[in-house]
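Notes for the one structure printed next.
The values are calculated or read from the model by the stated rules, or taken from the named source; none is laboratory data. Owing to the predicted nature of the structure, the values given are computational and were not obtained by experimental measurement. Cβ atoms come from the backbone with ideal geometry, glycine included; neighbour counts cover every protein chain shown. Keep in mind that these areas ignore ligands, DNA and RNA; they rest on the heavy atoms of the full protein, side chains included. Shrake-Rupley method; radii C 1.70, N 1.55, O 1.52, S 1.80 Å.
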Amino acid sequence: MSAIFHAGISGARGRMGRAVSAVLDARDDVVVAARFDRGETPDLSLCDVIIDFSTPEASVELAQACAERGGPALVIGSTGLTPEQETDIHRASERIAIVRSGNFSLGVNILIGLVEHAAQRLDPRDWDIEVLEAHHRKKADAPSGTALMLGEAAANGRGVDLADVRTAPWDGITGARQAGRIGFASLRGGGIIGEHTVLFASEDETLTLSHSAIDRSLFARGAVAAAAWVRSRKPGLYDMQDVLGFRQA
C-alpha cells in the first residue's frame, strides 16, 4: 500500500469540494487534515497537499500563503483566472509544486491530444474550428476552462497563438467567417456536469471530437490522483499531461 499522506480541501462545501471529500474519505492511504472555504484559515502545516476548487481570488491567496512557507503542494482546479492571477500562480510555483488544470478527466486530456493532432493535419484555409461546451446553470465563467484548453490545443496544432485567432461569439450581423479563426459557444442550464465538443468543418465534411462527463466524481478522482503525484515533486507548475506521464516532468 502507498504511504499515507495528509490532504486538505479548499472550497470544501462546493460541488467539487464535496466530490473530492467523498473520494478521499473512501481511500485508506489519505488522511483529510483540513476542510475549509474562503474566509477560513486552515493550519497549512497539517497538510502535504491541498486540493483547491474554490474561486480564482481564493486560489491565488492560498497559493501565495503556501509559497510563503514553502508548502504544502497544491492541486488547483479553479477556472476563470485573469492573466494577472495566472502570473501570481506561476510565481508561487517557483517555491512549491502546483498542478493546475481546467479539467482533471483522463478522457478530456486524451481529447486534448487528439484535437491538437487533428489541427496539425487539417489545413486552416479549408477547415473551421468551433469549440462548444455546456455546463450547469451555476457555473460562473464562460467559456469553460476545458473549452479554452481545447482551443489552445487546436491553436498549438496550427502553430498559432489562440489570442490571435479566437473569434468573438457569433451574435448579430457578423459577416462571413474568416479562415483560420477558432470560435467558442457556451450553454448553461440545469445540472449539466460537462459537455465538450470540438467541431472541424470543411465545405465537404465535418469531424466531431467530443467528451461527456457522466458523474462529477471522475474529476474528483483525477484531482486526487494529481494530489498523490504532486505532493513529492519539486517546485514547478504542472498539469495533467505531466501527471498522466504524457510529458516528461
Legend entry - With at most 16 neighbouring Cβ atoms within 10 Å, loop GluC sites (Glu not before Pro) (DSSP) excluded, longest segment of the chain: 95-202
Inset, instruction - Select from segment 116-157 those trypsin sites (Lys or Arg not before Pro) which occupy a DSSP coil region and have at most 10 other Cβ atoms within 10 Å, ordered by residue number. - result: 125, 137, 138
Legend entry - Cα→Cβ-extended label distance, 7 Å offset, between residue 210 and residue 179, nm: 2.9
Inset, instruction - Please work out the average accessible area per residue across segment 1-78, using the 1.4 Å probe convention, and give it in Å². - result: 44
Legend entry - residue 85 paired with residue 114, simple spin-label distance in nm, labels 7 Å along Cα-to-beta-carbon: 3.0
Inset, instruction - Starting from the Cα of residue 38, step 7 Å along the direction of its Cβ; do the same at residue 167; then give the gap between the two resulting points in nm. - result: 3.4
Legend entry - GNM top mover of 65, 225, 168 - the chain, alpha-carbon springs below 10 Å: 168
Inset, instruction - Between residue 106 and residue 3, take the C-beta separation as r, use R0 = 30 Å, and let me know the FRET efficiency to the nearest 0.05. - result: 0.80
Inset, instruction - Name the long-range amide H neighbours of residue 184: under 5 Å, sequence gap of 5 or more, or other chain; modelled H, no Pro or chain starts. - result: 131, 167
Legend entry - Theoretical gain in end-to-end length, residue 57 to residue 29 [0.36 nm per residue, Cα-Cα removed]: 7.0 nm
Inset, instruction - Give the carbon-plus-sulfur fraction of the accessible surface of the chain in %, rounded to a whole number; probe 1.4 Å, heavy atoms of protein chains only. - result: 49
Inset, instruction - Can you grab the distance from the C-alpha centre of segment 177-203 to the C-alpha centre of segment 1-75, Å, no decimals? - result: 32
Legend entry - the chain, helix-only ellipticity at 222 nm - DSSP H runs n ≥ 4, -39,500 (n - 2.57), divided by all residues, nearest 500: -10500 deg cm²/dmol
Legend entry - For the chain, size of Cβ-based charge dipole, Lys and Arg +1, Asp and Glu -1, in debye: 560
Inset, instruction - Roll a 1.4 Å probe over the protein chains and send me the accessible area per residue for segment 159-222 in Å². - result: 61
Inset, instruction - Give the ranking of 79, 41 by solvent-accessible surface, highest area first, calculated with a 1.4 Å probe. - result: 41, 79
